[in-house]
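What follows is a short report on a single structure.
The values are calculated or read from the model by the stated rules, or taken from the named source; none is laboratory data. These numbers come from a predicted model, not from an experiment. Cβ placement follows ideal geometry from the backbone for every residue including glycine, while neighbour counts extend to all protein chains displayed. Side chains are part of the model used for accessible areas, which takes the heavy atoms of the whole protein and leaves out ligands, DNA and RNA. Shrake-Rupley method; radii C 1.70, N 1.55, O 1.52, S 1.80 Å.
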Amino acid sequence: MRENVEVVIIGAGPAGLTLANLLQRAGIGCVVLERQSRSYVEQRQRAGVLEHDGARVFEEWGLGESVLSGTSSDGRLEIRLDGRPRLFDVAALTDGRAGRVVPQQVLVQRLIATFLEGGATCASTPPR
Ligand SMILES: Cc1cc2nc3c(=O)[nH]c(=O)nc-3n(C[C@H](O)[C@H](O)[C@H](O)COP(=O)(O)OP(=O)(O)OC[C@H]3O[C@@H](n4cnc5c(N)ncnc54)[C@H](O)[C@@H]3O)c2cc1C
């Protein structure tokens, strides 16, 4: 580990990796410590929608292309009630603030790739 890093981030989930990318863009040295393997966090299935403000942060920091490319807006949401589909116009209900459909593992993969492309290195230690 570099000895002159300014920020140590515990956890390579969406929060830690987003912070790492923002700090990198701000020129602040940081290291992300994760107890799981890279492949584990890159395959871990959880959420599937990134809400509007999260997407806005990536775009404002110039990460929209690398992190959000190819994702679609959650413009319409289908909810089934008693077996009958009901369509909600999310964009209209949220005043145009619809989120993005992006599986969390894809978000994590892209955040790691972007962090590495920005000059970070990835190292692992064998389990004790
Ligand atoms: C089973 C499951 C299903 C979910 N489904 C949805 C969903 O459908 N929709 C939705 O919006 N949200 C969902 N969520 C919530 C969403 O996944 C979380 O809000 C999101 O993962 C939070 O991101 P995070 O970076 O804060 O934390 P995490 O993703 O939990 O990342 C924290 C990281 O820190 C690491 N860590 C923890 N302690 C240490 C330590 N001491 N040292 C080193 N590393 C450490 C962990 O291994 C982990 O990789 C789900 C969560 C779970 C658990």
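Brief remarks follow.
- Every residue from region 52-79 that is open to solvent by less than 60 Å² (accessible area, probe 1.4 Å) and aromatic (F, W, Y): F58
- Condition check for R110: charged (D, E, K, R), surrounded by 13 or more Cβ atoms within 10 Å (Cβ to Cβ) and either free of Cβ contacts under 8 Å to residues at least 40 places away in the same chain or in a loop (DSSP other than H, G, I, E, B) (or both): no
- Inspection of region 14-28 identifies at least one residue that is open to solvent by 60 Å² or more (accessible area, probe 1.4 Å), under 15 Å from R110 (Cα atoms), assigned by TED's automatic domain parsing to the domain that holds G119 and free of Cβ contacts under 8 Å to residues at least 40 places away in the same chain.
- Listed by position, the helices (runs of 4 or more DSSP H) enclosed by region 8-102 that each have at least 1 residues that are touching a Lys or Arg at 6+ places or on another chain (Cβ under 8 Å) are 52-60, 64-68, 90-93.
- Listed by first and then second residue, the pairs with beta-carbon distance under 6 Å, at least 6 apart or on different chains, first residue in region 42-68 and in contact (Cβ under 8 Å) with a residue 24 or more places away in the chain, second assigned to a helix (DSSP H, G or I) and of a type in the set (D, E, K, R), are W61/R25; V67/R110.
- Single residue of region 38-51 satisfying the filter (more than 9 Å from the ligand (Cβ to nearest atom) and more than 19 Å from S66 (Cβ to Cβ)) that is surrounded by the fewest Cβ atoms within 10 Å (Cβ to Cβ): S39
- Here R84, R35 are screened, and the one residue that is open to solvent by 100 Å² or more (accessible area, probe 1.4 Å) and assigned by TED's automatic domain parsing to the domain that holds L111 is R35.
- Residue within region 83-94 that is away from the ligand (no atom under 14 Å from the Cβ) and among the polar types (S, T, N, Q) present: yes
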